[in-house]
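Accompanying notes for the structure given below.
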């Protein structure tokens, strides 16, 4: 006769393990294993055809000397060597780094100040108007923005007329046609375009900050400046990282505004890698050199952006 202990053990014993073949059959019957890939397949195919394939072909072309029509000649790393030794090629990269000051630092710093000001007057109609006006450059096509600013900065444009009106006629010039002011003038256009984007991103980040933190700071006697540096700025590390990433990429990959406003002139003073690649490929028929500069630009963007992303993750961790 079985003891009560053995009967309890037999009743509560775990069920026998399911054979491996049966578990595999159950997994095969689950549609989720392949249904997700089925939905993602169109996007994956489009990405592979229109992004990965051209990228791989660009890397391949960078090792050849080719005019785009005839036979190609293997040149190895000669095209990359020209990128770092030809003043026209590496000069465009240096111009792009100078544009980072205008495209990135100025919009982010001004965006912080403007967003903090709009947050303090969030209930007024002026805040709504300010958000609309600042975001307007994101709605206007960049080609149209380039044409408008070309008119404004011309020798008889509105900017020079205003300078004449306030008695600064001696400083007037063709801002986009002067060797010393062409690149900063293009940078001002880029800063104007990106200021609204940075402001709205930072405003969205400020809306997530607990209002109780500001109330506690005011009780402790903190002013607006102290609130900004002690509460607002530390809470916006992720948003600032996004703004810097987007604006740095915009500076390094800039093309349309410069093509419309200066076309790289005068004398190549506003030449940037994107425009240089266009001229090398379609005007000079140097597909290999254009491809090498394009690959160098991709690597340059990754080298600049990845540390920014890692630094942001370390600060928010």
Can you name every one of the helices (runs of 4 or more DSSP H) wholly within the range 1-82 that holds 2 or more residues which are closer than 30 Å to residue 297 by Cβ and at pLDDT 90 or above?
32-47, 53-61
All-but-one check, residue 310 against (1) within 18 Å of residue 93 (Cβ to Cβ); (2) without any contact (Cβ under 8 Å) to a residue 12 or more places away in the chain, failing number (1)
Test result for residue 191, part of a helix (DSSP H, G or I) and either crowded, with 16+ Cβ neighbours inside 10 Å or touching a residue at least 60 places away in the same chain (Cβ under 8 Å) (or both):
yes
When the range 163-186 is checked residue by residue, the ones that are crowded, with 22+ Cβ neighbours inside 10 Å and either assigned to a helix (DSSP H, G or I) or without any contact (Cβ under 8 Å) to a residue 60 or more places away in the chain (or both) are 175, 182, 185, 186
Does the range 135-153 include one or more residues that are outside any helix (DSSP H, G or I), in contact with a helix residue (DSSP H, G or I) (Cβ under 7 Å, 6 or more places away or on another chain), more than 30 Å from residue 233 (Cβ to Cβ) and at pLDDT below 95?
yes
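Yes or no, residue by residue, for (1) within 27 Å of the chain's Cα centre (by Cα); (2) over 30 Å from residue 293 (Cα atoms):
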residue	(1), (2)
208	yes, yes
212	no, yes
223	no, yes
228	yes, yes
233	yes, yes
241	yes, no
246	yes, no
253	yes, no
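The values are calculated or read from the model by the stated rules, or taken from the named source; none is laboratory data. All of these numbers come straight from a predicted model, not from anything done at the bench. Counting neighbours? That spans all protein chains shown, and the Cβs are built from the backbone with ideal geometry, glycine included.
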